[in-house]
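Read through the structure below, which is laid out as structure tokens, and then see the notes.
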Amino acid sequence: MTRKHLADLLTVILAVAAVASALVTVRRELTKAPERRSRVSWEPSWKSFATHGHILGNPAADVTIVEFADYQCPFCQRFTKYVDSLRILGRDVRVIYRHMPGQGHQHAVAAVRASECAAAQIRFVEMHSVLNSYPDSIGVTEWEWFGSAAGVQ
């Protein structure tokens with residue numbers, strides 16, 4: 001079995017596990033007494049999510065993707081590569097990047113702070129690219145190196 005086949009198999013297994021977990025959670029919520037159910041607020045318009053965040057790509061693109069991501073999340077890394085490949089293929093796509101650091105990722109909040117510091121110098125896109133290019137270095141390499149690589153003063 002090749003490495004690609006193994007990666008594809010692992011992706012399928014993780015997707016099935018995610019769906020199973022979601023089904024268990026929904027079932028648990030539906031079988032609770034009404035007074036113990038979680039209160040879920042529904043966002044009537046997804047367009048409101050695209051009003052805040054950092055724009056990656058053409059601001060006037062016909063297709064907008066709102067991404068809630070974490071710089072240490074391997075699945076977010078895969079998504080970023082997928083969106084980048086769309087741009088390489090000539091698709092006009094913009095991404096509204098929203099921070100959502102995961103609890104299990106020890107240095108995710110620090111990466112958010114670094115990207116926001118870069119944003120203050122109009123270098124968010126560059127820092128975003130550097131953080132996504134070197135995710136295994138987050139928390140290991142000095143933040144000054146990331147800043148230097150992104151052109152932050």
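In the condition set (1) assigned to a helix (DSSP H, G or I); (2) open to solvent by 30 Å² or more (accessible area, probe 1.4 Å); (3) in contact (Cβ under 8 Å) with a residue 24 or more places away in the chain; (4) more than 24 Å from residue 11 (Cβ to Cβ), residue 149 is compliant with all but (3).
Conditions tested, residue by residue: (1) out of contact with any Asp or Glu (no Cβ under 9 Å at 6 or more places or on another chain); (2) among the charged types (D, E, K, R).
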position	(1), (2)
51	yes, no
80	no, no
87	yes, yes
108	no, no
120	yes, no
130	yes, no
138	yes, no
146	yes, no
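The values are calculated or read from the model by the stated rules, or taken from the named source; none is laboratory data. For clarity, every value in this text was computed on a predicted model and none was experimentally measured. For neighbour counting, all protein chains shown are included, and Cβ atoms are generated from backbone atoms with ideal geometry for every residue, glycine included. SASA here: full protein model, heavy atoms, side chains in, ligands and nucleic acids out. Shrake-Rupley method; radii C 1.70, N 1.55, O 1.52, S 1.80 Å.
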